[in-house]
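K.L.:
There's a structure below that I have some questions on.
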Amino acid sequence: MLNLLLRRLALGVMTLWVVSVIIFAGTEILPGDVATAILGQTATPENTAAIRAQLGLNEPPHERYISWLGGFLQGDLGMSLTSRRPVADQIGFRLENTLLLAAVAAMIAVPLAICLGLVAAIRQGTVFDRGISVSTLLAISLPEFFIGYILIFFVAVHLGWLPSMSNVNARMDLWDKLPLLILPALTLTLVSVAHMMRMTRAAVISVMNSPYIEMAELKGIRNWRIVVQHALPNVLSPIINIVILNLAYLVVGVVVVEVVFTYPGMGQYMVDSVSKRDVPVVQACGLIFATVYVGLNMTADILSILANPRLRHPK
Amino acid sequence: MSMIDDKIPDALPRRRFDWEFFSCMPLAARIGLGIILLNVVMVFMAIFGLTPYGETEIFRDLGNWAPPSAEHWLGSDQIGRDMLSRIIYGAATTIGIALSATLLSFTMGILMGFTAAVMGGLADNVLSRIVDALMAIPTLILALVVISVLGTEIYILVLVIAVLDSTRVFRLSRAIAMDVAVMEFVEAARLRGEGLWWIMRREILPNTIMPLIAEFGLRFSFAFLFIAALSFLGLGVQPPHADWGGMVRENSQVISYGIAAPLYPAAAIALLTIGVNLVVDYILARQNRSAAAAFEEQEL
Amino acid sequence: MSDLLLEMKKLRVEARGADGATNAIVNNLDLRLERGEVLGLIGESGAGKSTIGLAAMAYARTGCRIAGGQVIFDGTDLMQEDEETLREMRGVRAAYIAQSAAASFNPAKRLNQQVCEVAIRHGVMSEEDAVARAIELYGKLHLPEPRTIGRRYPHQVSGGQLQRVMSAMAMTCGPDLLVLDEPTTALDVTTQIEVLATVRELIRQNNNAALYITHDLAVVAQIADRIMVLRYGELVEEGPTTKILNDPDEAYTRELVSARKAVVKPRVQIVLPEHPVIAIRDVTASYDGKVDVLKKVDVVIGKGETVAIVGESGSGKSTLARVVTGLLPPHEGHVEFNGKPLSRALKQRSKDDLRRIQMIYQMPDVAMNPRQSVAEIIGRPLTFYFGLTGQKRDQRVLELLGQIDMDPVFAERLPGQLSGGQKQRVCIARALAAEPDIIICDEVTSALDQVVAAGILKLLDRLQKETDIAYMFITHDLGIVKNIAERTVVMYQGDVVEQGSTLDIFTPPQKQDYTRKLIASVPEMRTDWLDEVLRERGDLFEIDARGRT
């Protein structure tokens, strides 16, 4: 099993490396010239050449890649083209905000989704179950910005309970930030609970339908004990997986939500930079998002290896 | 024949077309189908110019964000254009982009997926590894990275969405085809000496139609939400073209003043996705049910 | 009256179909079981026998419902009792042994936890006593290392052992009633006999009453005092075991009995063919390049001859078929076809070579494209190999349907609209359409009910007489080999253990130990078979004690 874990870890590192290559290639090798893209209408041969020199675009791609990745590993994320300041300085505060928002959303969404999923599975086929399955289907279909604006429209504007903009700043402490976080976190929750719940329900139902549960019933074991002792150990690993995969989803879903609530996180920063063609920032944000995503996926795999009795207790 | 043969299922007339599919539809799926049809009608209205007003026609006397009225059912937008007409035009743009991206991604995904499943070995390995690598990066992030360089021309958007989406189609069609390809009737065709193309087209495809249709619906709603999100972020279709995501963005600042303008296009997006998902859910439920029924028959 | 343990009166169990309609799986069934009696419930798939077994514990599977009648267990009608009383009864007074031990054990818990759970949770024993009891039972069931085997997880023991652990689990509380649902069906024959013998021993020692559910009359004959024959959820015939075996009243029972006994071929002495159709020469093959699944296999098959390839799971018999068809190129040796060497790989073979070697599969359900009609399925080889189209092709399809005893109306049906036996017939017709020299039959009767299987064997035999095709007949079911094959090849873990005329192989004394054990393990249709085998073969359990995996 150790072997398998190490292989998964190695695969994770490999994946990260490939991801860095793809992101780098995506910005530097695709048939668009970064320099003209940045300058747009104002491009002249002279300033294009100047930008190329500044970005080091005249050097061969593999050398630029190596120095880019090397810098990244040492915490040097390059210089922003628009603000002319190191990307690392600007990104710290925003990364913190994004993680805070995702964490608050996860703290509401995960327990809620698992409880609802369990109840729906145990009460399979009842009105409650069907109600839940219809409403999750609806929730999955709604774009994040729709939910976000609906919340702003009713909760922030008409009821006036909470602010409609979530412009936190570095001087605020956690208690000041919290009211601003509620609406964006709620939006993320609504979107991700639906997914997580459906998957939890399906996982629990598939375990509850297995022959060993029937066997336990025929042994005259009490229902709650069947759920706790026979179903739970087998359903735990799929649920852990579902939770982690949805955390990964949250981290990405944050991009749109941050724009809706003008929340100064990494997503908003990245979107801004894309429209300004600020390539070094885009690369840095992209790689950080991807790293978190790859890391969470790898964690999910590793936990499910650890939870598998066949691998934990080999023949 | 043996004196007492086993139970013969009731002889049914052969059905080429499955009418039961429509006749057994529950209410939810019917509503979904209705929503889809409504959107199709809107697209055709936009194509043939059958809208109340023009796409870029500005009504100065109406002003910005006028409330709904008898002449302008959904009021006006941020520069005094008719909201309803814009939404109908937006249907054509947004659905058009999503549909072409989905069609493209499906063609690529299925071809690669089936090839990987049937040929196996090296071809399968290479294709699967490439797809794994692309799927390791969240779609939206990768799209943002690429768009930052390539820009937001419509054909680029279609291409980017199609390529990114085809990875999921590849995974699914490969898995479905693998399920079918290990069946012995495919082996029988292979032993007969049939070619790759015949096997894909005649043996595998007919048995994968329903799951693929369901997947088409899912992929479409994904591509549709995706292009809407990009436009909403200002990185999709550019003004003055009407497009639902972009319209949400353009009107978004007034939401703080209690004006519902951005909610109309957002609701249009939500409605179509709900419609598609309701129908897809029905298709998937039908499959599961028939699979479950087959399983029960064996058990009893 | 004092001895009556279980009585069912007018039992009716219904299942709810996909369309919401209910249909009866068991209808109007009466059953009586006395203490210490073993009652065999026998029937083919769809007979409702498992449902009856579960109903004895007042249990119905999801989607099913006990809709009417009484289930009287030791004087109380279980249908009138509440769920809590039933729960108290289950596991303690009545216990269940399922077909698939691998699926019936929770993969995440140790065996002892699951075996002892019944006694502990019902408050019958303390944990220590329960473990001691389990160890005692493991010993009685001839499990290896009885003191420690319970600390393992289900996946760490073999299928036959797991089945016996499940028997121990059922026995811990000393139940009055045991329900055994096909407990040996998923096992190889040599494992089956071990489980069968130990389970019977235990039932006799404890004087349990038991419902023994199976489709195999020969198995139930060894263990049951009385047999009920069921079909489509209703009783066909009931009587003492010897009466059912030797002098059944009903036509259906007679067919069940004779399906096993049917002799299709005369037992004649056969010599090796001089000009074989297929000659497998020294073939060694493997899937991963490391472990050889076939080791220097050498087999010849002559024109119009049937050669049975027999062996248990893992013997390599199906791999041999893959080598002959070219799906798995061997890394040593080769296959000769009509005296000329065949290309190893499928792709290099000529269309004519492909045509002359045809194959029929175990599962007719997946061997035919569910979206093609019978006419398309049979017609494709006609077009592909002979270029027949239009009327000529339709004509030939009808001829072939006639050859397999099927009505022309079936031509337009889809496979889903055929019965299991008819599906297999269509597969035979598809193979026949290519006008082959040899047909490889891979477990072609294993997925079918016995009566239907007998019909398929008769058909194959008749076709051989008409067209002089050779059959390579791969099977794990030695019961049918005697009746169909001139020669038999016995395989074990990739080796040919023994080959020769079927008469020689089946007539004792066999030359090889394995062959002897294999053939001795095939249940015979008489009540004293198991006793006789156990008496003669005291060494049978030795292999087992070493722990087969």
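K.L.:
Evaluate the distance, in nm, between pseudo-label points positioned 7 Å from the Cα of C:Asp468 and of A:Arg123 along their respective Cα→Cβ axes.
P.N.:
A separation of 7.5 nm, rounded to one decimal place.
K.L.:
If we count every other residue with Cβ under 13 angstrom of A:Leu188's Cβ, Lys/Arg +1 and Asp/Glu -1, where does the sum land?
P.N.:
Residues close to A:Leu188 contribute a combined charge of -2.
K.L.:
A follow-up question, please. Chain pair A, B: how much accessible area is buried, both chains summed, with a 1.4 Å probe, in Å² to 100?
P.N.:
So the total buried area for this chain pair works out to about 3600 Å².
K.L.:
Please compute the contact order of chain C in relative form: average sequence separation of alpha-carbon pairs under 8 Å and at least six residues apart, divided by the residue count, as a percent.
P.N.:
16
K.L.:
Where only protein heavy atoms count, and the probe is 1.4 Å, what is the accessible area per residue for the range C:278-507 in Å²?
P.N.:
Ligands and nucleic acids excluded, the result is 36 Å² per residue.
K.L.:
Still on this structure, please answer the following. Taking Cα atoms, how many degrees apart are the long axis of helix B:139-150 and the longest axis of chain B, rounded to 10 and kept between 0 and 90?
P.N.:
60
K.L.:
Please give the charge dipole size of chain B, origin at the Cα centre, charges +1 on K and R Cβ atoms and -1 on D and E Cβ atoms. Round to the nearest 20 debye.
P.N.:
Charge dipole of chain B: 320 debye, to the nearest 20.
K.L.:
While we're looking at this one, here's another question. Using a 1.4 angstrom probe on heavy atoms only, work out the carbon and sulfur share of the accessible area of the range A:91-312 in %.
P.N.:
C and S atoms contribute 68 percent here.
K.L.:
Which length gain, in nm to one decimal place, applies between C:Glu145 and C:Leu398 when the Cα-Cα distance is subtracted from 0.36 nm times their residue separation?
P.N.:
Length difference between fully extended and current span is 84.9 nm.
K.L.:
For Cα pairs less than 8 Å apart in space and 6+ apart in sequence, what is the mean separation divided by the residue count of the range A:91-312, i.e. the relative contact order in percent?
P.N.:
For the range A:91-312, the relative contact order is 29 percent.
K.L.:
Provide the FRET efficiency to the nearest 0.05 for the B:Ala28-C:His155 pair, computing r from the beta carbons and using R0 = 45 Å.
P.N.:
0.60
K.L.:
Then there's this: Using helices alone, what [θ] at 222 nm do you get for chain C, with -39,500 (n - 2.57) per DSSP H run of 4 or more residues, divided over all residues and rounded to the nearest 500?
P.N.:
About -11000 deg cm²/dmol.
K.L.:
Which of A:Leu138, A:Leu69, A:Leu116 moves the most in a Gaussian network model of chain A with Cα springs under 10 Å?
P.N.:
Maximum fluctuation in the GNM of chain A, among the listed residues, is at A:Leu138.
K.L.:
Tell me which of C:Gly455, A:Ile242, C:Ile120 sits at the most positive position along the dipole axis of the protein assembly as shown, charges placed on C-beta atoms (Lys, Arg +1; Asp, Glu -1).
P.N.:
Ranked along the dipole, the leading option is A:Ile242.
K.L.:
Express in whole angstrom the spacing between the alpha-carbon centres of the range B:270-287 and the range B:22-83.
P.N.:
Result: 22 Å between the Cα centres.
K.L.:
Ignoring everything but the protein chains, give the 1.4 Å probe accessible area of C:Val496 in square angstrom, nearest 10.
P.N.:
40
K.L.:
R0 = 22 Å: FRET efficiency of C:Glu127 with C:Asp82, Cβ-based, nearest 0.05?
P.N.:
Computed FRET efficiency for C:Glu127 and C:Asp82: 0.20.
K.L.:
Between chains B and C, what is the buried accessible area summed over both chains (1.4 Å probe, protein heavy atoms, nearest 100 Å²)?
P.N.:
The summed interface area works out to 3700 Å².
K.L.:
Can you tally the net charge around B:Phe220? Count Lys and Arg as +1, Asp and Glu as -1, for every other residue whose Cβ sits under 15 Å from the Cβ of B:Phe220.
P.N.:
-1
K.L.:
Could you please state, rounded to a whole Å, how far the C-alpha centre of the range C:110-143 is from the C-alpha centre of the range C:303-327?
P.N.:
Between the Cα centres of the range C:110-143 and the range C:303-327 lies a distance of 44 Å.
K.L.:
I would also like to ask the following. For a test of the definition: using alpha carbon positions, the gyration tensor, and the 1.5 limit on a/c, classify the protein assembly as shown as rounded, prolate or oblate.
P.N.:
Prolate shape, in that a/c is at least 1.5 and a/b is the bigger ratio.
K.L.:
Tell me the carbon and sulfur percent of the accessible area for the range C:4-258, rounded to whole percent, probe radius 1.4 Å.
P.N.:
Carbon and sulfur atoms account for 44 percent of the accessible area of the range C:4-258.
K.L.:
Another question, if that's okay. For chain B, which whole-number percentage of the solvent-accessible area (1.4 Å probe, protein heavy atoms only) is attributable to carbon and sulfur atoms?
P.N.:
67
K.L.:
Per residue, how much accessible surface does the range B:26-295 expose to a 1.4 Å probe? Answer in Å², no decimals.
P.N.:
40
K.L.:
So with the 1.4 Å probe, I'd like the accessible area per residue for the range C:189-228, rounded to whole Å².
P.N.:
22
K.L.:
Now, a different point. Dipole of the range C:84-162, Cα-centred, from +1 at each Lys and Arg C-beta and -1 at each Asp and Glu C-beta, to the nearest 20 debye?
P.N.:
I would put it at about 180 debye.
K.L.:
Please state the shape class of chain A: rounded when a/c is under 1.5, otherwise prolate if a/b exceeds b/c and oblate if not, all from the C-alpha gyration tensor.
P.N.:
Verdict is oblate for chain A.
K.L.:
Moving to a separate point now. Report, as an integer, the average count of C-beta atoms from other chains found within 10 Å of each Cβ along A:130-140.
P.N.:
Average neighbour count from other chains, rounded to a whole number: 2.
K.L.:
In peptide B:148-157, what is the residue-averaged number of other protein chain Cβ atoms found within 10 Å of each Cβ?
P.N.:
Across B:148-157, the average partner-chain Cβ count within 10 Å equals 5.
K.L.:
Using only Cα atoms, tell me the angle between helix B:121-135 and the longest principal axis of chain B; keep it within 0 to 90° and round to the nearest 10.
P.N.:
Tilt of helix B:121-135: around 30 degrees.
K.L.:
Cα-Cα over 20 Å: which of C:Lys290/C:Lys347; C:Lys303/C:Lys340; C:Lys9/C:Lys49?
P.N.:
Beyond 20 Å: C:Lys290/C:Lys347.
K.L.:
Using the per-residue mean of other Cβ atoms lying within 10 Å as a proxy for protection, in what order, highest first, do the peptides A:274-287, A:144-157 fall?
P.N.:
Put in order of decreasing packing, that is A:274-287, A:144-157.
K.L.:
Using only the alpha-carbon atoms, how far is helix B:83-119 inclined from the longest principal axis of chain B? Give it as 0 to 90 degrees, nearest 10.
P.N.:
The two axes meet at around 30 degrees.
K.L.:
If R₀ is 30 angstrom, what is the calculated FRET efficiency for the pair A:Phe154 and A:Trp175, using the beta carbon separation as r and rounding to 0.05?
P.N.:
0.75
K.L.:
What does the charge dipole of the protein assembly as shown about its Cα centre add up to, to the nearest 20 debye, if the Cβ of each Lys and Arg holds +1 and the Cβ of each Asp and Glu holds -1?
P.N.:
With only Lys, Arg, Asp and Glu charged at Cβ, the dipole is about 1280 debye.
K.L.:
Can I ask one more? Give me a single rounded figure for C:418-425: the average over its residues of other chain Cβ atoms within 10 Å of their Cβ.
P.N.:
Partner-chain Cβ atoms within 10 Å, mean over residues of C:418-425: 3.
K.L.:
Rounded if a/c is under 1.5, else prolate if a/b beats b/c, else oblate: with a ≥ b ≥ c from the C-alpha gyration tensor eigenvalues square-rooted, which is the range B:12-135?
P.N.:
Because a/c hits 1.5 or more and a/b fails to exceed b/c, the range B:12-135 counts as oblate.
K.L.:
Same structure, new question: What pairs from C:Lys317/C:Lys423; C:Lys243/C:Lys511; C:Lys392/C:Lys465 go past 28 Å between their alpha carbons?
P.N.:
Check vs 28 Å cut-off fails for C:Lys243/C:Lys511.
K.L.:
Taking only C-alpha pairs under 8 Å that are 6+ residues apart, what is the relative contact order of chain B in percent?
P.N.:
Worked out over chain B, it gives 22 percent.
K.L.:
Report the one residue of A:Ile213, A:Val21, A:Phe154 whose Cα lies farthest in the direction of the positive end of the charge dipole of chain A (charges on C-beta: Lys and Arg +1, Asp and Glu -1; origin at the Cα centre).
P.N.:
The listed residue farthest towards the positive side: A:Ile213.
K.L.:
Would you work out which of C:Gln499, C:Ala434, C:Gly421 lies farthest towards the positive end of the dipole of the range C:278-507? Charges go on Cβ: Lys and Arg +1, Asp and Glu -1.
P.N.:
C:Ala434
K.L.:
Which helices pass in chain A if a helix is a full DSSP H run, must span at least 24 angstrom along its long axis by Cα, and must have mean Kyte-Doolittle hydropathy not below 1.6?
P.N.:
Membrane-span-like by this criterion, though nothing is claimed about a membrane: A:87-122, A:232-260, A:279-307.
K.L.:
Please identify, among A:Arg85, A:Arg130, A:Arg222, the residue showing maximal mean-square fluctuation in a Gaussian network model of chain A using a 10 angstrom Cα cutoff.
P.N.:
With Cα springs under 10 Å in chain A, the top fluctuation among A:Arg85, A:Arg130, A:Arg222 is at A:Arg222.
The values are calculated or read from the model by the stated rules, or taken from the named source; none is laboratory data. Computed from a prediction, not measured in an experiment: that's the story for all the values here. We place every Cβ from the backbone using ideal geometry, glycine too, and count neighbours over all the protein chains shown. The accessibility values were calculated without ligands, DNA or RNA, using every heavy atom of the protein model including side chains. Shrake-Rupley method; radii C 1.70, N 1.55, O 1.52, S 1.80 Å.
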